[in-house]
1. Restricting attention to the range A:1-38, which residues are aliphatic (A, V, I, L, M), assigned to a strand (DSSP E or B) and more than 21 Å from B:K41 (Cβ to Cβ)?
2. Filter the range A:39-69 for residues that are under 21 Å from A:D81 (Cβ atoms) and assigned to a loop (DSSP other than H, G, I, E, B) and give the result.
3. Identify all residues within the range A:59-90 that are touching a Ser or Thr at 6+ places or on another chain (Cβ under 6 Å) and in contact (Cβ under 8 Å) with a residue 40 or more places away in the chain; write none if there are none.
4. Check the range B:15-27 and report whether any residue there is more than 10 Å from chain A (Cβ to nearest Cβ), touching a strand residue (DSSP E or B) at 6+ places or on another chain (Cβ under 6 Å) and under 22 Å from A:I49 (Cα atoms).
5. Does the range B:32-68 hold any residues that are within 10 Å of the chain's Cα centre (by Cα) and within 14 Å of another protein chain (Cβ to nearest Cβ), and which are they?
6. Right, B:S54: part of a loop (DSSP other than H, G, I, E, B), more than 25 Å from A:F91 (Cβ to Cβ) and at pLDDT 95 or above or not?
7. Can you tell me how many residues within the range A:102-116 are surrounded by fewer than 17 Cβ atoms within 10 Å (Cβ to Cβ) and away from chain B (no Cβ under 13 Å)?
8. Restricting attention to the range B:77-106, which residues are part of a strand (DSSP E or B), at pLDDT 95 or above and of a type outside the set (S, T, N, Q)?
Amino acid sequence: AQTVTQSQPEMSVQEAETVTLSCTYDTSESDYYLFWYKQPPSRQMILVIRQEAYKQQNATENRFSVNFQKAAKSFSLKISDSQLGDAAMYFCAYRTTHNAGNMLTFGGGTRLMVKP
Amino acid sequence: GAVVSQHPSWVICKSGTSVKIECRSLDFQATTMFWYRQFPKQSLMLMATSNEGSKATYEQGVEKDKFLINHASLTLSTLTVTSAHPEDSSFYICSADKSTRNNEQFFGPGTRLTVL
């Protein structure tokens, strides 16, 4: 079974600065998907960024980018020019490409606080 | 777009009663939907995978007779908490699988259940 670990329960960043959230995972599969989701106080899950394991290039979405290290099974999220609206819980998630359920496995989450 | 709704957004019920939560994919068909439970300040825990026209697949430790799941159509899955007890109080989130879109799951806004 796959596991996802987020070692930082809480992180804090100054507005306009850069912060990196860590995520590691364990799997025996070679092809899979990795995601970062944001959960603001409203608790609506919002997809931040997605990475396909077969792609070597790191995914980027505006101020959000990932550092995907497949051999190390590491998938960190970098938020540049942090904004107050970035304050939320962030969850790293793994999804197999196999058809059996296609369930998401979530990490424990990191609470990001943004200081004005 | 890919919108998923949940109804109700919150519900309070007495111990011993049953509560039904609906999850709808509004603008796409979802052959697979997922039900998660989230305790305060914790991650999402998968309860079951709901497949249209067939029985749900429950995760280990989830009582299928207590959490009844029905996926009667391609746009609707329901979760019924039977004989609810205070320990069932939690935040319940559904997601729908839009398999044509890079294996992305789309999340509903969640339902807060409080059992008195």
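The values are calculated or read from the model by the stated rules, or taken from the named source; none is laboratory data. Just so we're clear, the structure is a prediction, and the values are computed from it rather than from any experiment. When we count neighbours, we look across all protein chains shown, and the Cβ atoms used for this are built from the backbone with ideal geometry, even at glycine.
1. The answer is A:L34, and nothing else.
2. Those that are under 21 Å from A:D81 (Cβ atoms) and assigned to a loop (DSSP other than H, G, I, E, B): A:P40, A:N58, A:A59, A:N62, A:R63.
3. Passing the criteria: A:N67, A:K73, A:S74, A:S76, A:K78, A:S80, A:Y90.
4. Yes, the conditions are met somewhere in the range B:15-27.
5. B:M33, B:F34, B:W35, B:Y36, B:R37, B:L46, B:M47, B:A48, B:T49, B:S50
6. So B:S54 does not fit the description; no.
7. So the count comes out to 3.
8. B:L79, B:V81, B:F91, B:Y92, B:I93, B:C94
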